[in-house]
Each structure stands twice: as C-alpha cells, then as structure tokens.
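Nothing in this text is a laboratory measurement; each read-out follows from the coordinates by a stated rule. As the structure is a computational prediction, the values presented were derived from the model and not from experiment. Note that we place each Cβ from the backbone using ideal geometry, even for glycine, and neighbour counts take in every protein chain shown.
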Amino acid sequence: FIRFVVLINYPLYIRSVPTQGELKFHYTVHTSLDVVEEKISGVGKALADQRELYLGLLYPTEDYKVYGYVTNSKVKFVIVVDSSNTSLRDNEIRSMFRKLHNSFTDVMCNPFYNPGDPIQSKAFDSIVSTMMVQAC
Amino acid sequence: MSPAQWDLPPELCCRPMAFVALTGLDVVYNAIHRAIWDAFCANRRADRVPISFKVLLGDHEYPKCRTKRTSYEWYIPKGILKTGWMNKHLNLVPALVVLFYELDWDDPQWKEKQSECATKVEIVRTSLQGRNTKVAVVLIQKKTPLPPGEDLVASERASALCGACDLSGKSLFVLPHTDHLVGYIIRLENAFYEHAQTYYYNEIRRVKSHKEFLNKTTHQVTRISAVNRNFYIAEFIYKDPHTFHVLSCRYYRTAYSLVHELRAHETNMLEIKTMAGFINYKICRLCFQHNTPLDAIAQFRKHIDLCKKKIGSAELAFEHTAWMSKQFQSFGDLFDEAIKLGLTAIQTQNPGFYYQQAAYYAQERKQQAGQLCSHEPGVVYPAPDPLETPSGALDFYGQRPWRQGHQSIDPPDSEKEKQGILALQVKERDVLHSELVIALLSNAVAQFKKYKCPRMKSHLMVQMGEEYYHAKDYTKALKLLDYVMCDYRTERWWSLLTSILCTALKCSYLMGQVKDYITYSMELMGRASILHEEQKSRIEKNLIKVLMNEVPQPEPDCDLTSVKTAQSLWSDRISLAGNNEFTIEVQDYVPFVQCKAKFLYPSFHIDEPVQLHVYVRADCPHPVRFSKLCVSLSNQEYNQYCLLEDTSKEKDILETSTQENMCLVPGKTRKYCFKFVAKTEDVGKKIEITSVGLMLGREMGRYVYLNWRGGWGDAASSHETLQASRSFKRRTRLPEQQLDWDTVTIQSSTMIISRVPKISVQLTHEPPALTNEMYCMIVTIQSEEDTVAKDIKLTAGLKPGQDASLTQSTQITVNGSEVCDDSHPALLPDISLGDLQPGQKIVKPLYIHCMSTGSRILLFHVAYSVSATVEGKDINCKCHKDETVTLETVVPFEVAMKFVSSKFEHLERVYVDIPFLLMMDILSASPWPIELVNSEVQLASSMTPIDQPQSQVEGVTLQTSECASECFLLKCPPVQNGTSTVASGHYFISWKRKSAFAETSVVRTIVILPHVMLENIPLYVHAELPSFGRVRESLPVRYHLENRTGLVQDVEIGVEPSDAFMFSGLKQPQGRNGDTSIEAA
C-alpha cells in the first residue's frame, strides 16, 4: 500500500490505498510529526535556507516506512509505504515528494485557495493518483 | 505455567561469574573466620575480580558427574539446553574449592595438623569425584610471615604439606591474620581467579574436544550438540571479565546461527525459539556492554526477522506472539539499562519503540488468545495435568512437559498432544493480557516522554486507555483518554479525536457518568466529529433521552454484561433527585452548538439603548430545542435584560413567538437581540460579555448548561475565524434573515459614553496675552437643548498634564479687578453657573494671569445635566463639552535704562555730588496698544533726586514698537570710600492694555534699576559757557574749580587756546582753592 498526506500540523489532504486500517495510519502520520519537528528544529537558523527539504525515512516500524518532506513554509508531506515494499527506493520517494511539492505549489498559486483549508484540487488529486498507480 | 513463563531465567540474565567454594571456615562461631569471609564478600566493586564465593562444608556434596561418553554414535540428545546447566555452573559446580586451615609454621603439633589438613583435602577431593575442579589450601596464621627464603622451616614445612596433600606449590597460600587483611584477601582472590580461569579454560577445551566425535555427520543431533557446545564455550568465556567478551560474543553468534540451522518443525519450534531468544539476549547484552549499540540493534533486527515467521503450532499462536512480545520487551530493558549506564539514545531509536512493539505483540496475543481459547463452557482443564512433570520442572528449555526429550517430527501420542494444547489454551485464557499490555505501554510512554515524542506519547496513552476499556477499568480508561483528547483537539486531528471520543463515550455510558456522557455526545455530534450522519443522529437521540432523564440506548460493540450493569446504573440515576445540573465550559470542547455574542457598536451613548446580538447555530443532524439563553455581563445588573426563557414574558425580547424561536435548526444561524438601558453610573465604563449560557433540557428535570466564556468560541473556533478572515471566498447570498456564520464578527465589550452635549461653548479673547496682565477671556455658553440644562458647571484654566512650571506661572480668576497672586489656582474647577433654559446664553468673563511667556493650553470644560427619556425610561444624563485653546503670552514692552550726564553724555560712572540723569526708554512689544498710566522711580538711599521726580510718560499710549522715554535728575551723596558700586532703586510702570473689547485693569510692572559705579573726585571743574559766541566778539568763559576735599589744595591752571580763539585775561592764575576765587576770563 501507499498513502500520501499533506499537513500543516493538521491534515490538509489525506489519500490512502487501501482505505482499511485508516485510523492506525492516521496515528502513524500524527506520531511521525514528532520526528519532523525535531528534525526541523535541529537545523540551525542560519542553515535554514539551505535545508534539505526531503527529510528521508522518519522512523521505521515493523509494518511500514514513513518518509517526510517539509517545504520552506513548513508544510509537511508524508508518504507511508509498506515496509515489505522494496521497489520504492529513496530516490523514487524523493522524486514523488518533489512532484507532490510542485503540485502543491500550483494549488497555493490558486487565488481562490485559502491556505490552511483542505485541498480539494482536482489537479492535485490526479497527480497523486498517477503516483499511486505507479507505486503500486 | 505461570504468566512468567516467558520471562528469561534469572541465571541467564545475571552476569556469569567464576564460582569459588570456600570450606573450613566457621563463620558463625569463629570471629577470625567471620572477618575473612566478610573481607571476601563485602565491598565487591567492579574493580575486583568477578568471583562469586560461597562457604560450604568440607564434605559438601557437589553435583554428580555423568560418566564420560566415549562414542557419540548412538547418542541422541534429548534437547538443546538443560534447564539446570546454567545454574549448575554458576552456583553448584565450583571452579575452585579452597580449604582454610589454621596452622602456623612453628606449630608444636605440626605433624598431627599436617595429616589432618591432608585428610580434609582428601575429603574435598572425594566429594568432587570426577570434576576437574581445582583444590587450594589457605593456611590461616597468627604470625606475620618472614620474607620468602628467610624462613627455612617454613619452606621446608610448606613443601612437606604440599606433598602430604598432593598439592602443587601454587595451590598453597598463607593468610596471616594481621592488620592488612583486606590487602591479603585481594591478593588471594586474584590468585583464586587465576585458578578458576584455568579450570574454565580446561572446561572449554573439554567441550571443544567433543567436536572431534561429531564432525562427520550433519544430523540434527550434531547440530544440537554444536549449539550446545558453542553456548557452553561462550558462557565459560563470559566468566572472564574483560578480555574475552569479543570472543564470547563470537561463540554466542556461532551458536545463534547454528540454532537457526536446526531443522524446525512444530514439535521443536518452541525450543528453537527459546534458545534463539536466550542467545540473542546474550549477544545483545554483550554488544551493549561493549558500547556497540548499533550491533545490538542489528542483531536484534536479524533475530526478529528470522523468528517472525516461526509461528509453530497454529493452535498455540498466542505463544508465538507472547514470545515476540517478550523479545521486544527484554531488548527494551537491555537498551534502557545501557542508557542508564551512559549510552545516549535518540528520538528515533530509543527503548520506547521496543516496548511499543512488545505491547503490540501483547495485544496480538490477547486477540489470538481470544480466538483460540474461547472454548465451550463444558471444556475443563484436562486431568491428569499434562503440564505436570515428575520432577516438577522441565529438563530442557522450551520443551513440552508431556513429551520431554522427544526429538522426532511427529508427536509421539496425538491424544496427549491434544490434551497438552488444551491445557495450554485453558491456562492462556486466564492470563490478564490487558495488564501486560498496559504495563508495556506505560513503559513505552515513559521512554517517549524522555525522547521528545509528545505525539507518540499521546498515541500510546490512547492505546492504554483503550486497553483499560477492554479490561473494563472504565475509570482509568476515561482518565487517560480525557487527558490526551485535548492534544488531538488543539492539533485538529478530527479523525483521531472522533475515534477517542467514541471510546470515551462508551466508557462514560458503561459507567453511567452523565456529565461525561453529555460532553462527549455533544462533541461527537458537532463539526469536529467525522462520524456519519446516522451515527450522529443516534447519538443525538440518546443525548435527548439523557436530557429527558431517560436511559439511553447502549453504545454499539459494548460488552454485553457491562451493558446490563450500565443499564441498571442509568435507571438508578433516574430516580436520583440531585446532581442533575451540569455546566460545560465550551472553550475546552467543540460542541455541536456554536455561539457568538456581540455588542452592536464599540460604544453606546447613555441616552440610547445598548444593543446586544447573540448568534447561535447547531451542527447536529436534528433540530434541537433549548430552554434558556442568558448572557452575563460584567455588570450583572443588566443580566436580567439579556435572558431568553422558555416561559418568558420579557418585554425586551424583540421576537415574539418564543416557542418557535428557541429551536435550533441544523445549519441555520439564529440571531437573538437584546436591548437594555445603561445606568448613568456606568458612563465611562466598559461593559463586557463575561459569558453566554445556553440551557438544554429542563430546569425542572435534568439540564445541561453550555457556557461560552467571553460570549463566543470553543476549542476550534479561533482557527476557523482566522481561516474565514483570510478567505477570499464569495459569500453566497443567503435568504432573508439568514446570516453567514463566518461573517459575524465579535464585539465582546462596549463603552458607555456620556450623551452628546447640545450646547455651544465659545471663547472670545484678544491673543496674545501679555505678561502679568489680567488677560480676559469671555466664555459664552449657549444651550441648544430642548429641556432645561441644569447645574451648569464650568471648569476653566490650564489644561492638566502640561509643564509643571506653567502651573506655577498661571493663575485664573473670575474677578478681573485685581491682579492675581499665588493664592489663585491654575485651574478653576466647577464654577457653578446655574441652570440654562433652552436657547439661553451665559457669558462669563474669566481672567488669566500669565507670569511667563510662552504658549499654554487652556481648557474650558462645561458640564451639566439634563433629563432624557430612553425606551420609556427617564434618566438624568450628564453631559459635558470641552473647549481647548492655545494661548501665547508675550512681554508687553521692554524698558531700557541708562545714566547720562547733564549734557546727555553717556556715563560709565557717576561722581559724588555731581548731578546726572537717569533715562528710561519704554519700547512697546505688544501687538495691542498699551496705555502707560503712570510711572515712578523709587530711589535707593545712595541716590537722591535733585528736584521732585515726576512721571513724564503719564497717559501716553504706545502703539506697537513705539517708544516712550523719560529722565530724572539725580545726584549721589558722598560715600565712604573712593569708588563703589551702588544700587539705584526701582522703577514702577503702571500700564494697561488699551482695548475696546473689555474693561482692563491697570498692571504695575516693576523694573529694577541697574547698579552704577560711584566715584569721589577731589577737584571739580565746570565751565560756564554762553550758548553761543559771535565772531570777533569776546566769548566770556567762566571756569569753576571746586575743591571737594577737606584740605587746602594748591592748583595751577593753564589754558591752552585752540586755533579759533585768542586769550584775554589771566592765562596762568595761581592760587589756593577755598580761600580765593580765581576767575579767568
């Protein structure tokens, strides 16, 4: 399985396939924010500009791998994949995040989108869908 | 089997140490022996060698040694690790037996004692039959020994004793019982340790030698033995403190991989896993000790990956999860222990994760136990007990009690097997799984708390809460859930909050907790919940039931017996009279009703009613009726006007159809308007909405009171307001009387301000003011009120808050006829002016005395009261109007003074008795004409006027920059010493502003005259000259010479003509002053 989340500290966009076990998945994403926060705060202020947006594997659990990505405006992207999924390497995850970020930037550019509201963009949705099809 | 079945045996967890037995010590009755024993035992710090000592009797029975096997051809091991093995080598079979014997070298009965000692050694040897255990003898001596080689008797007797006891010289020690006991003991124990090491080294060699018999086949049996062997070796090596840990670890690792090479099948799966678990524990522990935690983690991961799938018997699947849980737990413990010894863990790699995983497996175990162990009620524990063994314990770790030592693939007796499994299942049924889970979770919580994982901590606490719920400890469950709920609420994770709330609602239902039940229901029905409409609808129906004091429907998926208890609890509640009022502070929750209260304006005049709107909206699926809406304000007297009740007859409520009015339709915003007249005392004060309360239910029966502190907002609304304010979204036009919720802004306080005054205040004056003048300002107050303005009071003067020096130099009075002095204030308060009829006018002149130049702000404050009618209520309003004016003050004129001679020549100094002129120039600086009323010189004693001084400027009017002058003829009487500076006196000018505007008073300005130098002269010459002469006619000049001294002076006078004159008369008269008058013509 693969699941995508965009969030500030609360979710703006959650997409997951399959949908069962959603609650546990939500908890996983929520707890992963601890690591994200620690990673962001760990970087000194001076280095904030050059900070790598991709945070890598946040923490491994028995069942899945949680990857994180934080934009400069502190919007977090989280991708959760099955830990048995070996086809997705770090590079693939990274490029998925980059695509996600690009698409999110488009969403933000929409003057009718109010930052902080849930994302309801069809374009964003379809980008995520394509990535999901590719990953699975 | 107890729940501790999965615990690692203590002998595995302790650190293996060399075991040395001490015999021949009587620690009970012999003080010296006691002291020796204490020195061995006490203070065993890390720097001392790792030996465990035991005092045994000389004829102590040691475990029997099996007869050595010479061939392994037919040997079939019954299991991997004997349960007794570790304990045997730790506590039963010593590496060295030390015999203590009291014997001095010069003992008189040496021979007898020597043979007694030899006998004792022999006894020990016999009891160690077949073991390779070393024996040593320690002679306890009273005398301090001489240096080696000096005591010939000693060395001779020592070798004799060695011979008698069949000991090598290295095994004989002397312990002088002197002051330095501890030092001797430490040296002794190091020597013992060497012997022990030799013993273990030999043991290792012995174990290794078995390999030779086994290296031919790859039979299961050989593998088992190989595991065994490596484990033994590792254990023995481990007993060495420092050097050989790496080596030991290597053997453990070999043993570990060999374990996994064993052919695994259902019957021996448990044994293999148990063994693997043991060895893994040892490896991880050694890795942590070596400060290579990454190796430990890697080993553990490998171990888990290898064992994860080795479930074994499906009917006993819970055993596997229990084992897995234990693996994680013990690794967590090891990790935690290493941290306590100085290892640093990080957020993403800390013991918490292992405890969490352990808890996860424990939960799984519980689930599996639930599935596998839910037997029919008829099934009872099988008899005879298949778990009973003849010895009461197992021979090998991880084997089944009913078929110990059995190593083939199929169980020997399928009936026994069934019984055994059933027994295990029945046992498992009684295990308190939830307790295990909770203990692990709370371990994990403690760890995550340490490693800055607040969210993980919350998540685990939720799990703990849920586990408590499953364990039917609803109080604890609720406590935990309630504690973390607010974190999820503030982080706006509604999906998670909803799930927690559902569990919490179940708990509160099952406990019959009305308040909690209501609170959670309200939140679950509201906008923060992601429940489906039908679920919300069910909850709402239940909530209404509860509010009607009825028993609610049970929550779904609850334990049936608990539901029964809950139902009776709820029915008991019905009959209970009290405790039926609940207040919920909304700001901590997100309930299904939202409220916003606002004043219409930020301020209200006292003569208009204060208007307050309350907007209420519900998000629940069905319309809901409330029975009361009340607003509390900071001044509680107004609360009565802001109340909407079911049976209300209040006039202040605008809308009439109350019944209809008090029903909240989902999704629609309702507006309630309140109006009240503020009290006159509240003018200038702020009125705040302290809270808004909404009552659901009946006041007579059960009700809940939702309280919005500050009149609006719950836990979610501040964020919503922010989002709404940022939004560009076009608001869709809503039908009449409906509002968009987000557009309602908050105005939670208002100012009551005084009524707008209807009077005019005018100031008439002629600026600028002149210094020291009584400056007249005329205040004209005209009423534009419809009714009489009563009690008009004027406060006038310097506006407070200016420079302090201005207060001192400004005075104000209503009486212009006399000049102010210091007793007059700078601000004249409350000049009562009486009443003013509509249209009437009051003119009031005021006089301001400014003693310094510069600008100052003057305030004219007119206050009065007038009665008004608001909303049919008569009120007495106080009104006031302020006028301020900036007033410049300038000097009216400048006075210049100079001393001149009688010929109007400028004088630097004046001379005694010689007349001179004092001249004044008055230069007007005022923009307005000034009339000089009078002037006067008041001379100091050092000067006297020559004629009557009379003002020469009296009545003169000076226009701007005009100048008036006058002079006075004066002389100075003689002074004591020749030259001095003398004061001149004062000059007074009385003047007034010439104004057509108002009667002005005369001002007297004082000017201090300058000091002047006064000089005595001995001879005074002055000439009498005609005012003119004619050409070629004589010009008579008379020179007067006056001797001013008291003595006769000789004078010689010479006259030098100028070119225009010729002389006649005496040119060079001579004479003496005083007696004659010399005249020259």
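What to note about this one:
- Electrostatic bookkeeping for B:Arg125 treats Lys and Arg as +1 and Asp and Glu as -1; over the other residues with beta carbon under 12 Å from its beta carbon, the sum is 0.
- Between the stretch B:875-892 and the stretch B:657-722, the Cα center-to-center distance that results, in Å: 43 Å
- In this structure, the residue pairs whose Cα-Cα separation is over 21 Å, taken from B:Lys82/B:Lys308; B:Lys120/B:Lys170; B:Lys598/B:Lys758; B:Lys309/B:Lys366; B:Lys506/B:Lys564, are B:Lys82/B:Lys308; B:Lys598/B:Lys758.
- Using the Cβ-Cβ distance between B:Ser760 and B:His719 with R0 set to 56 Å, the FRET efficiency from 1/(1 + (r/R0)^6) comes to roughly 0.60.
- Percent RCO, i.e. relative contact order, over the stretch B:893-1015, from Cα pairs under 8 Å lying at least 6 residues apart: 30 percent
- For the stretch B:874-889, the Karplus equation 6.51 cos²θ - 1.76 cosθ + 1.60, evaluated at θ = phi - 60°, returns couplings of 8, 10, 9, 9, 9, 10, 8, 9, 10, 10, 10, 9, 9, 10, 8, 10 Hz by residue, with Gly and Pro reported as x.
- Sequence-separation-based contact order of chain B, relative, with Cα cut under 8 Å and 6+ spacing, percent: 5 percent
- Ordering B:Cys620, B:Ala925, B:Leu480 by Cα displacement along the dipole of the protein assembly as shown toward the positive end leaves B:Leu480 in first place; charges were set at the Cβ atoms of Lys, Arg (+1) and Asp, Glu (-1).
- For the pair B:Leu294 and B:Asp740 in one chain, pulling the backbone fully straight at 0.36 nm per residue adds 154.6 nm over the alpha carbon distance.
- Cα gyration tensor, the stretch B:472-579 - rounded (a/c under 1.5), prolate or oblate: prolate
- Gyration tensor (alpha-carbon) shape descriptor, chain B, a/c threshold 1.5: oblate
- Per-pair calculated FRET efficiency, R0 = 35 Å: B:Asp786 and B:Arg709 via Cβ, rounded to 0.05: 0.20
- Non-local Lys pairs in the stretch A:2-134, i.e. 8 or more apart or on different chains, that have alpha carbons under 25 Å apart: 18
- Listed peptides B:1031-1040, B:995-1004 by packing density, highest first (mean Cβ within 10 Å): B:995-1004, B:1031-1040
- Spin-label pair B:Tyr29/B:Lys302, simplified geometry with 7 Å Cα→Cβ offset, distance in nm: 5.9 nm
- Amide H contacts under 5 Å for B:Phe604: B:Met751, B:Ile752, B:Ile753, restricted to partners 5 or more places along the chain or on a different chain, H placed in the peptide plane at 1.01 Å from N.
- The mean number of partner chain beta-carbon atoms within 10 angstrom of a residue's beta-carbon across peptide B:448-454 is 3.
- Pairwise FRET efficiency - B:Glu261 versus B:Ser168, Cβ, R0 = 51 Å, nearest 0.05: 0.75
- Note on A:Leu57 and B:Glu818: their simple-model spin labels are 10.2 nm apart, each label 7 Å out from Cα toward Cβ.
- Karplus (6.51, -1.76, 1.60) ³J(HN,Hα), θ = phi - 60°, over the stretch B:614-630, in Hz, Gly and Pro reported as x: 10, 9, 10, 8, 10, 10, 6, x, 10, x, 10, 9, 10, 10, 7, 9, 9
- Computed over chain A with a Gaussian network model linking Cα atoms closer than 10 Å, the most mobile of A:Thr28, A:Thr86, A:Thr71 is A:Thr86.
- Rounded if a/c under 1.5, otherwise prolate or oblate - the stretch A:2-134, Cα gyration tensor axes: rounded
- Contact order for the stretch B:759-856, expressed relative to its length and based on alpha carbon pairs under 8 Å spaced 6+ residues apart, stands at 42 percent.
- Between B:Lys668 and B:Lys418, the modelled labels are 7.0 nm apart [label points 7 Å from Cα along Cα→Cβ].
- Burial ranking of peptide ranges B:704-713, B:420-429, B:599-608 (average Cβ count within 10 Å, highest at the top): B:704-713, B:420-429, B:599-608
- Spin-label zone in the stretch B:913-949 - amide nitrogen under 14 Å from a point set 7 Å from the Cα of B:Val1002 along the C-beta vector: B:931-937
- Peptide packing: for B:129-136, B:193-200, the average count of neighbouring Cβ atoms within 10 Å per residue gives the ranking B:193-200, B:129-136, highest mean first.
- Within 10 Å of each Cβ in B:455-461, the average number of Cβ atoms from other chains: 5
- Per-residue HN-Hα couplings for the stretch B:26-39 [Karplus 6.51, -1.76, 1.60; θ = phi - 60°; Hz; x = Gly/Pro]: 9, 7, 8, 9, 9, 5, 5, 4, 4, 4, 5, 4, 4, 5
- Averaged over B:344-356, number of beta-carbon atoms from partner chains that fall within 10 Å: 2
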